[in-house]
Amino acid sequence: MTPDPPADPGSGDLPGGRRSVQVFGGQQGALVLEGGESLASVTVAYETWGALSPGRDNAVLVLHALTGDSHAAGPAGAGHPTAGWWGGVIGPGAAVDTDRYHVVCPNVLGGCRGTTGPASPAPDGAPYGSRFPRITIRDQVAVEAALADRLGIDRWAGVIGGSMGGMRVLEWCIGHPDRVDRAAVLAVGAAATAEQIALCSLQARAIRGDPAFAGGDYYGRKDLPVEGLALARGIGQVGYRTTPELEARFGRAAQGSEDPLTGGRFAVESYLEHQGEALVRRFDANSYLVLSQAMNLHDVGRGRGGVSRALGGVRADVTVAGIDSDRLYPLELQHRVARDLPGGRPVTVIGSPSGHDGFLVETAQVGAVLAAALAG
């Protein structure tokens, strides 16, 4: 579990073809957060595909979910422990056609893949750790808007994303109505529900309960909170998938030759352990906590007169899509969003046995949704 080293101030290169740029600090001033605290300096890591048109009117912003990063498309390799999380829908001739669009995908504020987060150095030079301030989805979008300014992109042809990425799409449409032409919001609601908050809180307790967590100041130590983060991922994975899928894939089968009656594991237990082990090799426990809290605070109506009023002021052409088997962000949440948006467009339903993860798994259906959303 080794976060990327923080990028140097100004523009620069990171491993795997990513770029970095400082968007707050120095002449740009500090980032004042929604909760009242501030970050003296913020650097963003991002990746691009396709050429920006002379009129700068073909840029598409792609926003990742909780454990994603800027590597939305492309193979695993140097700087990229996994292949692009939306590789099936971004590329030359793909639904998000990089022969036509200039695609930008930033790593989110609070992340651990090159953008300022808990592992980054605080003004005193030591990692923020437990001192990293509480951030919100709106704070993340403020950073993305500053990145757009640095890239010379005044208006996005499209802003697209699912889950936590979809939260930021909504905030872009509401907070920056003159900067978004079209948008696609997948597998998310307008505000976090009690169940979503409850599941995130259990995951946070798993991480904080790891003896190696050290109150969040574990950087540089031999023991890291890998057990707590792996457990958190396992809790989350149950919510991301579905009962029928888990039953069909695993049922009550044992893992290999192990016998659960004599202390062995069920196959589904091995699956959850594998998911946790895979995450701890590429993600930071503090970032998981910071981003989960931002998701819990998600509420587009906060300070805006409520959800309906906030969504009613959206000017972009918005496509809303959901997964028919999603129990974490059920379709009713997307229907509520669609009802409050101007235009009364119906929700596009994506069929999948994979639950919430369907927005990542069902690339053909998702690609069709995104292509239609960008075409208008």
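The numbers here are math on the coordinates, done by the rules we state, and not lab data. In this text the structure is predicted, and so the values were computed from the model without any measurement. Here Cβ is always computed from backbone atoms with ideal geometry, including for glycine, and neighbour counts include all displayed protein chains.
Counted by Cβ distance under 10 Å from Thr319, the other residues give a net charge of +1, where Lys and Arg count +1 and Asp and Glu count -1.
Each residue, Ala212 and Ala30, gets one label point 7 Å from its Cα in the Cβ direction; the gap between the two is 3.4 nm. Bridges between two residues of the chain, per DSSP, are antiparallel at a rate of about 45%. What does a probe at Arg249 reach in segment 191-235, counting residues whose amide N is under 16 Å from the point 7 Å along Cα→Cβ? Zone members listed by number: 233-235.
Only one item in [x] 1.04; [y] 0.96; [z] 1.15 matches Cα Rg over 2.2 N^0.38 Å derived from the coordinates shown, and that item is [y]. Toward the positive end of the charge dipole of the chain, with +1 on the Cβ of Lys and Arg and -1 on the Cβ of Asp and Glu, the farthest Cα among Leu311, Ala267, Phe283 is that of Leu311.
Placing unit charges on each Cβ (+1 for Lys and Arg, -1 for Asp and Glu) gives the chain a dipole about its Cα centre, and among Val337, Tyr101, Pro225 the Cα reaching farthest toward its positive end belongs to Val337. Suppose R0 equals 56 Å; then what is the FRET efficiency for Ser53 and Ser257 from their Cβ-Cβ distance, rounded to the nearest 0.05? Once the sixth-power term is evaluated, E becomes 0.45. Only the Cβ atoms of Lys and Arg (+1) and of Asp and Glu (-1) were treated as charged; on that basis the dipole of segment 196-295 about its Cα centre amounts to roughly 200 debye. Between Val366, Val60, Val280, which gets the highest mean-square fluctuation from a Gaussian network model of the chain, Cα cutoff 10 Å? Residue with maximal mean-square fluctuation among Val366, Val60, Val280: Val280. The length gained by stretching the chain between His274 and Arg327 to full extension, at 0.36 nm per residue less their Cα-Cα distance, is 16.9 nm. Distance between the pseudo-spin-label points of Ser38 and Arg339 (7 Å out from Cα toward the beta carbon): 4.3 nm.
Of Met164, Met295, the sequence from fewest to most neighbouring Cβ atoms within 10 angstrom is Met295, Met164. Counting Lys and Arg as +1 and Asp and Glu as -1 over every other residue whose Cβ lies under 10 Å from the Cβ of Asp57, the net charge comes to 0.
Here the chain is assigned +1 on the Cβ of each Lys and Arg and -1 on the Cβ of each Asp and Glu. Its dipole about the Cα centre then comes out at about 520 debye.
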